[in-house]
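Peer 1: Pasting a structure below so you can have a look.
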Amino acid sequence: MTIFQDLVKVYDDNQDKIGVFEQDHFQNDFTLLPASHISVNIQVEVTIDDQGNFLTANTLDKQGNTTVIPATIESANRASNPEAHPLQDKVKYVAGDYPDYASNDKKASVYYPKYIDLLKAWSESEYTNSRIKAIYQYQQKKSLIQDLISSSVIELEDGNVSKKDSDLFVRFNVYDENPVPVWQDRQLFKSWTAFYEQFLSKSKAPMIDYLTGNRGPTTKLSERNINPATSGAKLISANDGSNFTYRGMFLDDDFYSVGYLESQKMMHSLKWLIQRQGLKSDSRVFLFWSDENSNDLISDTARSLTSGIPAWRQKQIQLLSEIQSSGDTGKEIAQAYNERLLGMNSDIQYGQPVHIIFLDAATTGRMATVYYNFMDTKLFRSHVEQWAKNCGIVLNGQGKQFVHTPTINQILKSAYQTGRGGQRYETVKKRATSRLLISIINGANVPNDILTTLQARLIKPQGYESLSQWYYDLNNYVAVLNYNQRKGKINMTLNPDNLDRSYLFGRLLALADDAESTALYQQQAANKNVSSRLTTALRFMTNFNERPATTWQRIYQSIVRSYLMKLSGGSQYYYQEQFKEIMDLLNDNGMTDDPLSPLYLSGFASQHVFNHRKNKQTNEEEE
């Protein structure tokens with residue numbers, strides 16, 4: 001199947017969701033749109049009775065003003081040419097008396113006739129109902145502007161309606177025995193869809209639909225506003241009249257023919273999926289879905305890969321932590337994230353394939369499919385589990401240790417963000433997010449350039465505003481490095497059996513850093529005038545990476561001469577024994593100035609965590 005056939009199937013499988021409003025993560029209303037309908041933000045609501053008499057008019061708050069309205073092919077894609085929606089529309093379309101208050105608008109007399117002719121045809125058809133007739137009766141009076149003025153909804157400027165007020169969207173409601181508003185009335189949705197389908201079948205010659213092979217009404221116009229972040233972008237466009245695009249044997253736009261109903265289904269289902277479960281980064285949106293019961297779990301798993309635990313769950317964890325007086329909720333959230341990712345993944349049922357599509361809009365008029373794939377559910381689960389079990393580093397928590405698995409957003413923030421970010425960072429982030437997601441779901445390594453960029457930042461700790469941020473980025477780097485090596489929890493903790501030269505040098509540097517920072521801490525406790533600063537080990541990290549043996553001798557001599565003697569006897573013995581043991585493992589062949597591999601950062605991080613564990617017994621229990 002193609003992407004378009006997959007989207008048509010989504011629409012057909014979710015008929016019960018049509019016209020049923022839900023809320024996204026930002027409390028915005030959305031629904032799976034009926035065919036021949038669009039959703040717009042409405043600013044004015046007019047209420048009439050079932051006889052077409054005006055009752056009230058009022059302005060609407062931004063919250064809850066999303067409204068489903070009937071539309072034609074032309075009105076859904078209108079730009080500068082006047083094309084009316086058949087029921088709810090802008091003031092200049094639905095107000096019959098608008099020409100009387102728009103002396104400066106040259107098209108003032110064009111809008112209303114297009115609107116009222118459509119509404120009349122619908123009202124007099126076999127698909128009409130009492131609500132449509134009531135609105136048509138009211139509109140025949142041509143008194144909307146007067147009613148809006150009397151209700152203080154709009155004000156005239158020198159006897160004219162302002163350009164701003166003429167573009168206000170108006171929706172009509174009918175006060176009758178039906179408690180459901182007109183814009184949520186599913187019977188009214190079906191009425192317009194049936195009427196317009198019949199209208200198209202009579203007014204358009206049947207053509208072949210290239211998706212189904214059937215003959216029927218087709219369209220060259222693809223719906224826009226699929227992704228709210230790129231409102232004008234269309235996924236399918238064929239308006240090149242200058243032969244810029246090579247068409248082979250086809251003339252004009254014969255190469256493109258999609259049935260109107262199929263076009264509506266695939267665009268509406270795509271818009272619904274984006275609003276319901278799309279992951280957004282700048283202008284790019286990432287979609288994961290399945291055709292069966294695991295759809296929500298799959299989309300939530302994908303969201304957790306990029307963003308981690310949702311805000312509501314973090315608040316729940318923080319509240320529980322406050323009740324238990326355990327504190328340090330950041331570590332508990334990190335621990336819960338790894339467990340949640342594995343838990344959700346294991347609940348995904350085998351069955352229908354997982355569909356993955358990434359969309360982006362380089363301009364306001366064109367949307368592109370950046371990536372599309374579908375894979376077996378079992379394979380998807382396997383690769384997500386591989387990520388959760390290998391991408392991590394064991395850190396110290398409150399009395400115990402836990403696995404820290406960074407999200408994609410955290411990894412990219414560590415690698416690319418400087419300061420508050422900005423548009424350049426957002427552009428880099430959306431592209432890197434695509435590459436990381438593709439790597440994870442296909443079980444591939446994280447791209448080396450992302451790791452290299454992060455490593456280049458880590459070897460310059462002096463470039464960070466805070467040391468805690470440096471350690472945070474270091475942990476994220478090592479977690480991803482562990483994923484690429486695929487050795488599970490062995491790599492997540494200090495591994496004394498790892499005799500890699502770079503790993504051992506990293507351990508030495510961490511011991512030197514810890515010894516000096518301990519001595520400095522004691523000095524600060526005794527004398528508040530002693531300022532905090534980077535340790536010698538961190539200040540020389542760039543040189544250490546390039547010439548480890550020579551730089552190590554300088555660091556080691558500084559530690560022995562200036563700091564080691566200030567520690568307690570037990571601490572002195574511990575550090576000296578650790579130094580001696582690791583340097584013996586390096587021996588003469590390893591103690592050279594050959595540049596280190598990235599593994600030295602893993603050795604540094606693991607040794608640092610080991611040095612700061614609560615106690616040896618707790619650490620052994622966790623291992």
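The values are calculated or read from the model by the stated rules, or taken from the named source; none is laboratory data. Keep in mind that this is a model prediction, so the values were computed, not measured. Note that we place each Cβ from the backbone using ideal geometry, even for glycine, and neighbour counts take in every protein chain shown. These area figures cover heavy atoms from the full protein model, side chains too; ligands, DNA and RNA do not enter into them. Shrake-Rupley method; radii C 1.70, N 1.55, O 1.52, S 1.80 Å.
Peer 1: Could you tell me which numbered condition residue 149 fails, if it satisfies all but one of (1) in a loop (DSSP other than H, G, I, E, B); (2) among the aliphatic types (A, V, I, L, M); (3) without any contact (Cβ under 8 Å) to a residue 24 or more places away in the chain?
Peer 2: Exception for residue 149: condition (1).
Here is a yes/no grid of residues against (1) in a strand (DSSP E or B); (2) open to solvent by 60 Å² or more (accessible area, probe 1.4 Å); (3) modelled with pLDDT of 55 or more:
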| site | (1), (2), (3) |
| --- | --- |
| 223 | no, no, yes |
| 238 | no, no, yes |
| 243 | no, yes, no |
| 248 | no, no, yes |
| 255 | no, yes, yes |
| 261 | no, yes, yes |
| 264 | no, no, yes |
| 270 | no, no, yes |
| 273 | no, no, yes |
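Peer 1: Picking from 400, 378, which residue would you name as being basic (Lys, Arg) and either open to solvent by less than 10 Å² (accessible area, probe 1.4 Å) or touching a helix residue (DSSP H, G or I) at 6+ places or on another chain (Cβ under 9 Å) (or both)?
Peer 2: After ruling out the rest, the residue left standing is 400.
Peer 1: Among the residues of segment 152-162, which ones are open to solvent by 20 Å² or more (accessible area, probe 1.4 Å) and touching a residue at least 12 places away in the same chain (Cβ under 8 Å)?
Peer 2: Across segment 152-162, the qualifying residues are 153, 156, 159, 160.
Peer 1: Then there's this: Inside segment 1-30, can you point out the residues that are open to solvent by 20 Å² or more (accessible area, probe 1.4 Å) and part of a loop (DSSP other than H, G, I, E, B)?
Peer 2: Those that are open to solvent by 20 Å² or more (accessible area, probe 1.4 Å) and part of a loop (DSSP other than H, G, I, E, B): 1, 2, 14, 20, 21, 24, 25, 26, 27, 28.
Peer 1: Where residues in segment 584-603 are modelled with pLDDT under 90 and out of contact with any helix residue (DSSP H, G or I) (no Cβ under 9 Å at 6 or more places or on another chain), which of them is nearest to residue 490 (Cα to Cα)?
Peer 2: Looking at residues that are modelled with pLDDT under 90 and out of contact with any helix residue (DSSP H, G or I) (no Cβ under 9 Å at 6 or more places or on another chain), I get 587.
Peer 1: Determine which single condition residue 389 fails, assuming it passes every other condition in (1) open to solvent by less than 20 Å² (accessible area, probe 1.4 Å); (2) modelled with pLDDT of 80 or more.
Peer 2: (1)
Peer 1: May I ask you to say which residue of 49, 61, 24 is without any contact (Cβ under 8 Å) to a residue 24 or more places away in the chain and either assigned by the TED database to the domain that holds residue 149 or in contact with a helix residue (DSSP H, G or I) (Cβ under 7 Å, 6 or more places away or on another chain) (or both)?
Peer 2: 61
Peer 1: State the number of residues belonging to segment 435-447 that are part of a helix (DSSP H, G or I) and either hydrophobic (A, V, I, L, M, F, W, C) or at pLDDT below 95 (or both).
Peer 2: The qualifying residues number 5.
Peer 1: Applying the selection to segment 178-192, what residues are open to solvent by 10 Å² or more (accessible area, probe 1.4 Å) and β-branched (Val, Ile, Thr)?
Peer 2: 180
Peer 1: Which condition from (1) farther than 24 Å from residue 484 by Cβ; (2) of a type in the set (A, V, I, L, M); (3) at pLDDT 85 or above is the one that residue 530 breaks?
Peer 2: Unmet for residue 530, out of (1) farther than 24 Å from residue 484 by Cβ; (2) of a type in the set (A, V, I, L, M); (3) at pLDDT 85 or above: (3).
Peer 1: Still on this structure, I have one more. Taking the conditions exactly as written (assigned to a helix (DSSP H, G or I) and either farther than 23 Å from residue 599 by Cα or without any contact (Cβ under 8 Å) to a residue 24 or more places away in the chain (or both)), does residue 420 satisfy them or not?
Peer 2: no
Peer 1: Still on this model: Looking only at segment 36-52, count how many residues are open to solvent by 10 Å² or more (accessible area, probe 1.4 Å), assigned to a loop (DSSP other than H, G, I, E, B) and of a type outside the set (S, T, N, Q).
Peer 2: 1
Peer 1: What are the pairs, 6+ residues apart or on separate chains, where a residue within segment 169-181 that is more than 15 Å from residue 56 (Cβ to Cβ) and in the same structural domain as residue 94 (by the TED database) has its Cβ under 9 Å from a residue that is part of a loop (DSSP other than H, G, I, E, B) and of a type outside the set (Asp, Glu)?
Peer 2: Going by the 9 Å Cβ cut-off, the qualifying pairs are 169/42; 169/43; 169/65; 169/88.
Peer 1: Hey, can you tell me all the residues within segment 481-512 that are charged (D, E, K, R), assigned to a helix (DSSP H, G or I) and either at positive phi or buried (at least 19 other Cβ atoms within 10 Å of the Cβ) (or both)?
Peer 2: 501, 507 - these are the residues of segment 481-512 that are charged (D, E, K, R), assigned to a helix (DSSP H, G or I) and either at positive phi or buried (at least 19 other Cβ atoms within 10 Å of the Cβ) (or both).
Residue by residue, here is whether (1) open to solvent by 10 Å² or more (accessible area, probe 1.4 Å); (2) closer than 29 Å to residue 18 by Cα; (3) without any contact (Cβ under 8 Å) to a residue 40 or more places away in the chain; (4) part of a helix (DSSP H, G or I) holds:
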{"position": "69", "(1), (2), (3), (4)": "no, yes, no, no"}
{"position": "79", "(1), (2), (3), (4)": "yes, yes, yes, no"}
{"position": "99", "(1), (2), (3), (4)": "yes, no, yes, yes"}
{"position": "104", "(1), (2), (3), (4)": "yes, no, no, no"}
{"position": "114", "(1), (2), (3), (4)": "yes, yes, yes, yes"}
